[in-house]
1. Which members of the range 99-137 meet the condition of being of a type outside the set (V, I, T), closer than 15 Å to P39 by Cα and in a loop (DSSP other than H, G, I, E, B)?
2. Say whether the condition of being surrounded by 19 or more Cβ atoms within 10 Å (Cβ to Cβ), in contact (Cβ under 8 Å) with a residue 40 or more places away in the chain, of a type in the set (F, W, Y) and within 16 Å of T173 (Cα to Cα) is met by at least one residue in the range 217-225.
3. Identify all residues within the range 118-148 that are surrounded by 14 or more Cβ atoms within 10 Å (Cβ to Cβ) and farther than 30 Å from T95 by Cβ; write none if there are none.
4. Residues of the range 51-100 being of a type in the set (A, V, I, L, M, F, W, C), under 20 Å from V21 (Cβ atoms) and either surrounded by 17 or more Cβ atoms within 10 Å (Cβ to Cβ) or more than 32 Å from the chain's Cα centre (by Cα) (or both), which ones?
5. So which of F209, F213 is in the same structural domain as D271 (by TED's automatic domain parsing), touching an Asp or Glu at 6+ places or on another chain (Cβ under 6 Å) and surrounded by fewer than 21 Cβ atoms within 10 Å (Cβ to Cβ)?
6. Give me the pairs: first residue in the range 105-123 and acidic (D, E), second residue crowded, with 22+ Cβ neighbours inside 10 Å, beta-carbon distance under 9 Å, and six or more apart or on different chains, which are they?
7. Go through (1) polar (S, T, N, Q); (2) outside the structural domain of L154 (by TED's automatic domain parsing); (3) surrounded by 12 or more Cβ atoms within 10 Å (Cβ to Cβ) and name the single condition Q278 misses.
8. When you scan the range 170-185, how many residues do you find that are out of contact with any helix residue (DSSP H, G or I) (no Cβ under 7 Å at 6 or more places or on another chain) and in a helix (DSSP H, G or I)?
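The values are calculated or read from the model by the stated rules, or taken from the named source; none is laboratory data. Because the structure is a prediction, the values reported are computed rather than measured. All Cβ positions, even for glycine, are placed from backbone atoms using ideal geometry, and neighbour counts span all protein chains on display.
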Amino acid sequence: MADGYARVTGRPQAVLVHVDVGTQALGQGIHNASVGRVPVLIFAGLCPYTESGELPGSRTEYMHWLQEAPDQKAIVRQYCRYTGEVRTGLNVKQTIGRALQFASSAPKGPTYVASAREVLAEEIQPYALEQDQWVPIGPSALPADAVHDISAALVQAERPLIITGYSGRDRRTPDLLVALADKIPGIRVHDTGGSDMCFPFSHIASEGFRLSFDVCTKDADVIFLLDCDVPWIPSRNPPPKHAKIYHVDSDPLNQQIPVSFFPAHGRWKADSFTALTQLVNHIKHDVSLTTSLQDPKYNERLEARKDAHRARLANIASQPRLGDQEPLDAHNIGAILKTSLPDSTSYMLL
C-alpha cells in the first residue's frame, strides 16, 4: 500500500515493522520499492539492549533474546538508499528527517531506520525542527553542451528513437515528451518501464510498451535514453554499432546493479522534466535546428509514422477472437473492456 501510494503521489510513505522478523517479512516488497525508485520510510524496532531493568524499556519478554540479530540493518541494507539508527531521543527528528531526505532525493527509494525500546522510552524535552531546512536534493539540469548535442543529434538523425521507463513518475513529463516528439516529425518513443504512463500510446510516435525486447532498437541511428534501467536485451535486440546513444537519468550508471554495461556516447545525471524542458526550448529557439526541420523530408517521415501507427493499431485490433470457444486471454479481455467502458476510462495494469 505504501509503495503504490508513493508512486501515485510522489510523497514518501511510512511503514512500521516488528524487529528482525518484520524486516524479513518485507521480502519482495522492499526489492520492488528499491528497483522501482519508490520513496518509502521503514521504521523497525530493535530488541532492548539491557536485561535487568537498568533503563525504561529493558527486556521483559522471552523473545527479547531470540529476536536480537547481530546486524538487523544488514537484512535490507543493499536495497536501501540509507540505513540508520535512532540512538537517542535527543536527535530522533534529525535522524528521521535525514532518512526522508534520502528517500525523496533522486534516485528515490526506500530508507530504513531502527531503534531499541530503551531509546523509544527515553524522556526528553519537546523540540521542533525547521522543516524547510530538511528538503531533499533539488532537480539537476543538463549542461549547455549536452542540451546542444542531444538536440542536434535527434533532429539530424534518420531514425531517432527515445526509450524511457520512469520519466512519467513526474506527471508533468509526458506532456513535455509529447512536445519533443511533435517538434521532430518521424521520431519514435518506446516505453520499457510500464509502471508509469510516460508517453501516450495514442500518439503516432509511440512504439508501445515492452520490457526491453522490441525490434525498434535494431534500426535506430540515434537513441535517447530517458530514465530507464534496461533499454534493450544485448543478446536479442541490440542497436546498430554505428548508433549514437545519449543517456539522461537520475541514476545513469545503475549504481545498485552490479552488471549493467549499456553503452552511451554521453551520460548525464539530471532530472527528466528539467532536461526535457531544456531540449524543447533549445530546439524551439535554435535557428539552425528550426531551419533544418523545414526540410520536406520531415513531412514525409510524419506521414510514414502515421501509416505505421495506423497499421500497429489495426494489428492490435485484429488480435481478439471473441467466439464462445476462444480463451479469455489479454487480447479478448482488452477488447471486451474497450467496448464496455466509456472512452474516458483510465486503466491501471497490475
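1. First pass over the range 99-137, keeping only residues of a type outside the set (V, I, T): 99-110, 112, 114-118, 120-123, 125-134, 136.
Narrowing the set further to residues that are closer than 15 Å to P39 by Cα leaves 99-110, 112, 136.
Within the range 99-137, S105, A106, P107, K108, G109, P136 meet the criteria.
2. yes
3. Selection gives A141, L142, A146, V147, H148.
4. So in the range 51-100, the residues of a type in the set (A, V, I, L, M, F, W, C) come out as 55, 63, 65-66, 69, 74-76, 80, 86, 90, 92, 96, 99-100.
Now narrow it down to the ones that are under 20 Å from V21 (Cβ atoms): 63, 65-66, 69, 74-76, 80, 86.
The answer is M63, W65, L66, A69, I75, V76, C80, V86.
5. From the options F209, F213, the qualifying one is F209.
6. E118/P48
7. For Q278, the failing item is (2).
8. First, pick out the residues of the range 170-185 that are out of contact with any helix residue (DSSP H, G or I) (no Cβ under 7 Å at 6 or more places or on another chain): 171, 175, 178, 181-182.
Then drop every residue that is not in a helix (DSSP H, G or I), which leaves 175, 178, 181-182.
Residues flagged as out of contact with any helix residue (DSSP H, G or I) (no Cβ under 7 Å at 6 or more places or on another chain) and in a helix (DSSP H, G or I) within the range 170-185 amount to 4.
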